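The values are calculated or read from the model by the stated rules, or taken from the named source; none is laboratory data. Fair warning: this is a prediction, and the values are worked out from it, not measured in the lab. Note: ideal-geometry Cβ built from the backbone for every residue, glycine included; neighbour counts use all protein chains shown.
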Amino acid sequence: MKRILSIIAFVVAAAGIQVPVEAAFITGSQAFISTATTSASNTISDTVFTLNFATLTGGVNQTGDFGGEVASFTNILNVTNNVTAATFAFNAAFGTFAISAVNENSIVPGTSRTVNFSGTFTPGTDFGGAFDPTPASLTITINQASPGVLSASATLAAAAPGVPEPSTIVMLGTFCIPAAVGLLRRRRSAIS
């Protein structure tokens, strides 16, 4: 029993001296508005769009760590090709969004097209190097108000992946130690 207690004390002491290293993930959302959206026939039924976006600033258009940031981006969106390897490049100071999956690619004929991607947002120099690449989603909606007239909007949303709270870790340790002691007692009594 004395040996078991000394092992437990050693494990607790070793766990106490470790400094956890956590990534600094960016959180919040950023809305963008189209300054120009074009396609071959400027209809929602086209498959290749040229998007020119600029940030919407202030209020609900910018939340969390995106507050006060300004960005723009121009990209080609091809809704029929495999876009999972694509990257949306904002101005260099804002960052990039690398696509890992297409979550939605839907069209309402003559009205709108919505494409939602999941991927990784890598903040640029505007964020002062304070944040690591963060899991995020980018939703682009293209609208057709009338034949030949397209408009678009986009939202970039980033949230840190779930990290257990310190109280959860303490609670786990609280239940594991008595269970380990009980298991060792049962094992010792089975040997005797």
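Answer with yes or no whether residue 132 is acidic (Asp, Glu) and touching a helix residue (DSSP H, G or I) at 6+ places or on another chain (Cβ under 9 Å). I'd like the intermediate steps shown before the answer.
On the way: acidic (Asp, Glu): yes; touching a helix residue (DSSP H, G or I) at 6+ places or on another chain (Cβ under 9 Å): no.
Taking the combined requirement at face value, the residue does not satisfy it.
Would it be correct to say that residue 106 is more than 15 Å from residue 28 (Cα to Cα), of a type in the set (Ser, Thr, Tyr) and within 19 Å of the chain's Cα centre (by Cα)? Even if it seems obvious, please write down each step before you answer.
Values: more than 15 Å from residue 28 (Cα to Cα): yes; of a type in the set (Ser, Thr, Tyr): yes; within 19 Å of the chain's Cα centre (by Cα): no.
So residue 106 fails the test.
Being of a type in the set (A, V, I, L, M) and under 23 Å from residue 143 (Cβ atoms) is the filter here, so list the residues in the range 79-131 that pass it. Break it down stepwise before answering.
Of all residues in the range 79-131, those of a type in the set (A, V, I, L, M) come to 79, 83, 85-86, 89, 92-93, 98-99, 101-102, 107-108, 115, 130.
Selection gives 79, 83, 86, 99, 102, 107, 108, 115.
In the range 28-50, which residue that is closer than 24 Å to residue 120 by Cα, more than 22 Å from the chain's Cα centre (by Cα) and of a type in the set (A, V, I, L, M, F, W, C) is surrounded by the most Cβ atoms within 10 Å (Cβ to Cβ)?
49
Tell me, which residue of the range 85-102 that is surrounded by fewer than 17 Cβ atoms within 10 Å (Cβ to Cβ) and farther than 17 Å from residue 49 by Cβ is modelled with the lowest pLDDT?
Looking only at the range 85-102, we keep the residues that are surrounded by fewer than 17 Cβ atoms within 10 Å (Cβ to Cβ), and these are 85, 87, 89, 91-93, 100-102.
Among the residues that remain, those that are also farther than 17 Å from residue 49 by Cβ are: 85, 91-93, 100-101.
Details: 85: 62, 91: 84, 92: 77, 93: 88, 100: 89, 101: 89.
Result: 85.
State whether the residues of the range 131-142 include one that is among the β-branched types (Val, Ile, Thr), surrounded by fewer than 19 Cβ atoms within 10 Å (Cβ to Cβ) and outside any strand (DSSP E or B).
For the range 131-142, residues among the β-branched types (Val, Ile, Thr), surrounded by fewer than 19 Cβ atoms within 10 Å (Cβ to Cβ) and outside any strand (DSSP E or B): absent.
Is it the case that some residue within the range 58-71 is over 17 Å from residue 128 (Cα atoms), hydrophobic (A, V, I, L, M, F, W, C) and assigned to a strand (DSSP E or B)? Quick ask: steps written out before the conclusion?
Step one: list which residues in the range 58-71 are over 17 Å from residue 128 (Cα atoms), which gives 58-63.
Restricting the remaining residues to those that are hydrophobic (A, V, I, L, M, F, W, C) gives 60.
Still in the running and assigned to a strand (DSSP E or B): none.
The answer is no, given that none of the residues of the range 58-71 is over 17 Å from residue 128 (Cα atoms), hydrophobic (A, V, I, L, M, F, W, C) and assigned to a strand (DSSP E or B).
Residue check: is residue 107 of a type in the set (A, V, I, L, M), farther than 16 Å from residue 159 by Cα, touching a residue at least 12 places away in the same chain (Cβ under 8 Å) and in the same structural domain as residue 33 (by TED's automatic domain parsing)?
For residue 107, the condition - of a type in the set (A, V, I, L, M), farther than 16 Å from residue 159 by Cα, touching a residue at least 12 places away in the same chain (Cβ under 8 Å) and in the same structural domain as residue 33 (by TED's automatic domain parsing) - is met.
Any chance the range 146-157 includes a residue that's surrounded by 10 or more Cβ atoms within 10 Å (Cβ to Cβ), in contact with a helix residue (DSSP H, G or I) (Cβ under 8 Å, 6 or more places away or on another chain) and either aliphatic (A, V, I, L, M) or modelled with pLDDT of 90 or more (or both)?
no
Restricting the search to the range 49-79, which residues are among the hydrophobic types (A, V, I, L, M, F, W, C) and over 25 Å from residue 104 (Cβ atoms)?
In the first step, residues of the range 49-79 are kept if they are among the hydrophobic types (A, V, I, L, M, F, W, C); the result is 49, 51, 53-54, 56, 60, 66, 70-71, 73, 76-77, 79.
Passing the criteria: only 70.
Being in contact (Cβ under 8 Å) with a residue 60 or more places away in the chain and not hydroxyl-bearing (Ser, Thr, Tyr) narrows it down to one residue among 132, 126; which is it?
Values: 126 fails: in contact (Cβ under 8 Å) with a residue 60 or more places away in the chain.
The conditions single out 132.
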